[in-house]
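Participant: Can you read through this structure? Questions will come right after.
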Amino acid sequence: MRHFGIIGYPLQHSFSAKYFTEKFEREKIDAEYSLYPVEVESLGLRVEGILDSLDGLNVTMPFKQAVIPYLDRLDATAEAVGAVNVICKRVGYNTDCLGFMDSLRPMLRPEDKKALVLGTGGAAKAVVYGLRQLGITPTLVSRTPKEGQLSYEQLDKDIMDTHTVIVNCTPQGMYPNVDTCPPIPYPLVSARHLLFDCVYNPEETLFLQRGKAQGATVRNGIEMLYGQAKAAWGIWSN
């Protein structure tokens, strides 16, 4: 039997666990998929043992960057992104960007030239890479912006008008905190905007609900998740 799993915190509603468990049962694959909920302060104590015991590992928040020092190397995409969501034989990969690009690409219009990326963590790094691959210029938005980034308070009409794609890479709105959303100026969202949420549970977050109410086109992160999971299995099965 082969052994796979996911490391992150929290993991009560892991998409990957459900996806791969059902896949193994459906396709009669002799494998199991386990959850490894690890709190941030315990990562160094646990990650070595987890890596050594598995044939493949998914990585989710908040460890997509923190696991990198424990790996032997990164593939070219993970190196460029600066974050890892798949590990195989101590090599780090990033399939988030592939899942994101495949999900967003059919929705893009010729006028979509600039994007606001909400958040600065591992998911945001994959989204920034994917946007650039698609020919869209990303701008990071943070509550505590660094040089070259914007704060939410700086999102005025000019910025909102020129950045027609807005991607939520924060956990705001994720179950069970469904009554939260990134503090963008929603009255400035219009039918010209495309709102993409990397969150998939609930199916329609408050971020997407408020965007849709303004006439925006919206999409959640479920297709992105399926895409990254299929790419992960391609890595593990080879």
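We did not get these values from a lab; they are worked out from the coordinates using the rules stated. Keep in mind the model is a prediction, meaning the values are calculated, not measured. Note that each Cβ is placed from the backbone with ideal geometry, even for glycine, and that neighbours are counted across all protein chains shown.
Participant: Residue by residue through region 149-160, what is 3J(HN,Hα) from phi via Karplus (6.51 cos²θ - 1.76 cosθ + 1.60, θ = phi - 60°)? Round to whole Hz and write x for glycine and proline.
Facilitator: 10, 10, 8, 5, 5, 7, 7, 8, 4, 4, 5, 5
Participant: Find which of ASN220, LEU116, ILE136 sits farthest along the positive direction of the dipole of region 98-221, computed with +1 on the beta-carbon of Lys and Arg, -1 on that of Asp and Glu, about the Cα centre.
Facilitator: Comparing the listed Cα positions along the dipole, ILE136 ranks first.
Participant: For a quick check: with amide H placed at 1.01 Å from N, whose amide H comes under 5 Å from LYS113's, ignoring anything fewer than 5 positions away on the same chain?
Facilitator: THR164
Participant: Let me ask something else about it. Starting from the Cα of GLN133, step 7 Å along the direction of its Cβ; do the same at GLU204; then give the gap between the two resulting points in nm.
Facilitator: With each label placed 7 Å out from Cα toward Cβ, I get 3.0 nm.
Participant: How would region 2-94 be classified by its alpha-carbon gyration tensor: rounded, prolate or oblate, with rounded meaning a/c under 1.5 and the a/b versus b/c comparison settling the rest?
Facilitator: Note, shape of region 2-94 comes out prolate.
Participant: Let me ask something additional. On average over all directions, what projected area in square nanometres does the chain have, based on the convex hull of its Cα atoms?
Facilitator: Convex hull of Cα atoms, orientation-averaged projection: 12.9 nm².
Participant: Here's something else I'd like to know. Roughly speaking, what is the stretch gain from LYS28 to SER237, that is 0.36 nm per residue apart minus the C-alpha to C-alpha distance, in nm to one decimal?
Facilitator: Full extension from LYS28 to SER237 adds 73.8 nm.
Participant: Taking a spot 7 Å from the Cα of GLN65 along the direction of its beta carbon, which residues of region 78-96 have an amide N less than 18 Å from it?
Facilitator: 78-86, 92-96
Participant: Let me ask another. If you average 1/r over all unlike Cα pairs in region 98-221 and invert the result, what Kirkwood radius do you get in angstrom?
Facilitator: It is 14.1 Å.
Participant: Would you kindly give the portion of the calculated P(r) for region 68-158 that falls above 23 Å, as a percent of all Cα pairs?
Facilitator: 32
Participant: Please work out the ratio of the alpha-carbon Rg of region 146-207 to 2.2 N^0.38 Å and round it to two decimals.
Facilitator: So the Cα radius of gyration is 1.15 times the expected 2.2 N^0.38 Å.
Participant: Which entries in LYS18/LYS64; LYS114/LYS157; LYS64/LYS113; LYS28/LYS89; LYS125/LYS146 show an alpha-carbon gap greater than 18 Å?
Facilitator: Flagged as over cut-off: LYS18/LYS64; LYS64/LYS113; LYS28/LYS89.
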